[in-house]
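For reference, the structure is listed below as structure tokens.
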Amino acid sequence: MDVKTFAVEEWMNKYEMEAVYNVAETCVDAFTLEELISIDGTDPDEFFRSLCGRKLTYGYIEGSPEFRELVAGLYSSMTAENVLMMNGAIGANFLVFYSLVKPGDHVISVHPTYQQLYSVPESFGARVDLLRLKPENKFLPDLDELRSLINEKTKLIVINNPNNPSGALMGKDTLEEIAEIARSCGAYVLSDEVYRGLWQEEYVSVPSMADLYEKGISTSSMSKVFSLAGLRLGWIAGPREVIAECMRHRDYTTISCGMLDDIFAVHALKNYERVLERSRRIIRDNLAILDAWVRQEPGISYVKPRAGTTAMLKYDLPLSSEEFCRRLFKSTGVFLVPGSCFDMDGYVRIGYACGTEILRQALQKISEFIQEKR
Ligand SMILES: Cc1ncc(COP(=O)(O)O)c(C=O)c1O
């Protein structure tokens, strides 16, 4: 099985650990274990002591009942039986493709997005068409184009809402229209929703595709909204027959995801509102800083994100995006992702949900770099 190189991951693997100002990262500034445990007043010492007597078995194979119930509670129509634990959203997405996509199937995926969402189905022998999300359309899909792409072999339509890298957000009406288009050809919709909940506007709330469509599948994880990427836990929420098919395939790749991670995830899920409040404060404070910077920086423009943790910045310099990022990194320690990783040269992706001081300093350094290169 051949697969294209995962451009963003390759870029991150090469440089991330040396970054001084990491604004390439997509997670909300991570919790320490102590912060996580004490978020509801629990004493960390007592909490850890309570774990000491545990035997480290495989634990619950599909995820603990508590985990699955709490995750189901993030949806309006899911029950624990509709939820399967996986190792991160990356594991969840992979398992959906591994379980559903066969050679000769047709898959449609939005683009730009997390490359796994189109390169993995292609590697399983599907014909993949890309539905381009364009800056001039605020990175939202053209649904007439989607209609023109479907055919009787379309097995899966893949979306990512909110979108990485643009921060675009599709609303309920658009999602319902996508469900209607998928229904007309019997396709599943896989919706990668790792950033769901991270909206900028106070009164915005967008439902999950799993709650809107009988063949809707949602994947998500503890990494972004919960700021707990180190747990490596995620899930699939969807129709029971899909969960059963995923479980049948998962037996060959994953016995369980780790009982300790499950325990920490349950603690975070029980405190969802508190965690979400922290994450929203970080993304909203930081976007205000980024937005003020973009407005006063003549060489930079963007489509202001409505959700998530990332934005695509268009720069006005005669440098390829990779050269831009490499030189910036070498001279300042600021780490961004080149737009070329999303087939969008002339852009860079910034992850703005890091610590606020790091963001401020990184933006200052980028300004100095741009001035020097002009
Ligand atoms: C859209 C999207 N999906 C999935 C992932 C994988 O996240 P994880 O496996 O940490 O849950 C990422 C990580 O950046 C992402 O941006």
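The values are calculated or read from the model by the stated rules, or taken from the named source; none is laboratory data. Bear in mind that the values here come from a model prediction, so they are computed numbers and not experimental data. Because the Cβ atoms are built from the backbone with ideal geometry, glycine has one as well, and the counts that use them run over all protein chains shown. For the accessible areas, the whole protein counts, side chains as well, though only heavy atoms, and no ligand, DNA or RNA atoms are used. Shrake-Rupley method; radii C 1.70, N 1.55, O 1.52, S 1.80 Å.
For the reader, a short list of remarks on this structure follows.
- Whole-Hz Karplus values for the range 353-362 come out as 9, 6, x, 4, 5, 4, 4, 4, 5, 4 Hz, taken residue by residue from phi with 6.51 cos²θ - 1.76 cosθ + 1.60 and θ = phi - 60°; glycine and proline positions read x.
- Legend: residues Y188, Y203, sorted from most to least accessible area (1.4 Å probe; ligands, DNA and RNA excluded), read Y203, Y188.
- Between the amide H of K134 and those of F139, L140, distances stay under 5 Å, these residues lying 5 or more places away or on another chain, with hydrogens modeled in the peptide plane.
- Probe 1.4 Å, accessible area per residue of the range 57-271, Å²: 37
- Beta bridges per DSSP, both residues in the chain: antiparallel share near 50 percent.
- Computed about the Cα centre, the dipole magnitude for the range 57-271 is approximately 420 debye when only Lys and Arg (+1) and Asp and Glu (-1) carry charge, each at its Cβ.
- Pair K270, M1: separation of 7 Å Cα→Cβ label points (nm): 3.8
- For the chain: rounded, prolate or oblate by the Cα gyration tensor [a/c cutoff 1.5]: oblate
- Computed from the C-beta positions of Q296 and R127, the FRET efficiency with R₀ = 51 Å rounds to 0.65.
- Quarter of Cα convex hull surface for the range 57-271, i.e. mean projection, nm²: 11.2
- Our note on the geometry: Cα centres of the range 174-240 and the range 318-357, 28 Å apart.
- Distance (nanometres) between label positions extended 7 Å along Cα→Cβ at C52 and T79: 4.1
- Computed from point charges on the beta carbon alone (+1 for Lys and Arg, -1 for Asp and Glu), the dipole magnitude for the range 253-325 about its Cα centre is near 420 Debye.
- Near Y188, the amide H atoms lying under 5 Å from its own belong to L156, I157; only residues 5 or more places off or on other chains count, and H is placed 1.01 Å from N.
- Projecting the Cα positions of F139, T174, F264 onto the charge dipole of the chain (unit charges on Cβ atoms of Lys, Arg, Asp and Glu, taken about the Cα centre) puts F139 furthest along the positive direction.
- Debye, to nearest 20: dipole size of the range 188-242, +1 on Lys, Arg Cβ, -1 on Asp, Glu Cβ: 260
- Cβ-defined net charge surrounding D40, 12 Å radius [Lys, Arg +1; Asp, Glu -1]: -1
- Accessible-area composition of the chain, carbon plus sulfur, in percent [1.4 Å probe]: 49
- Value at 222 nm in deg cm²/dmol, rounded to 500, when DSSP H runs of n ≥ 4 in the chain each add -39,500 (n - 2.57): -12500 deg cm²/dmol
- Above-threshold pairs, the threshold being 30 Å between Cα atoms, out of K138/K270; K14/K314; K55/K270; K4/K365; K14/K102: K138/K270; K4/K365; K14/K102
- Gyration tensor (Cα) of the range 176-298, equivalent ellipsoid semi-axes in angstrom: 30, 23, 12
- When Rg and Dmax are taken over the Cα atoms of the range 146-207, they come to 12.7, 41 Å.
- Applying the Karplus relation 6.51 cos²θ - 1.76 cosθ + 1.60 with θ = phi - 60° to the range 136-148 yields 3J(HN,Hα) values of 5, 10, 6, 6, 9, x, 8, 6, 5, 5, 4, 4, 6 Hz, where x marks Gly and Pro.
- Summing +1 for each Lys or Arg and -1 for each Asp or Glu among the other residues whose beta-carbon sits under 13 angstrom from that of V189 gives -4.
- A simple rule links phi to the HN-Hα coupling: the Karplus curve 6.51 cos²θ - 1.76 cosθ + 1.60 with θ = phi - 60°, which for the range 151-158 gives 8, 5, 9, 5, 8, 8, 10, 10 Hz, with x for Gly and Pro.
- Dimensionless Rg ratio for the range 244-315, taking C-alpha atoms and the 2.2 N^0.38 Å reference: 1.75
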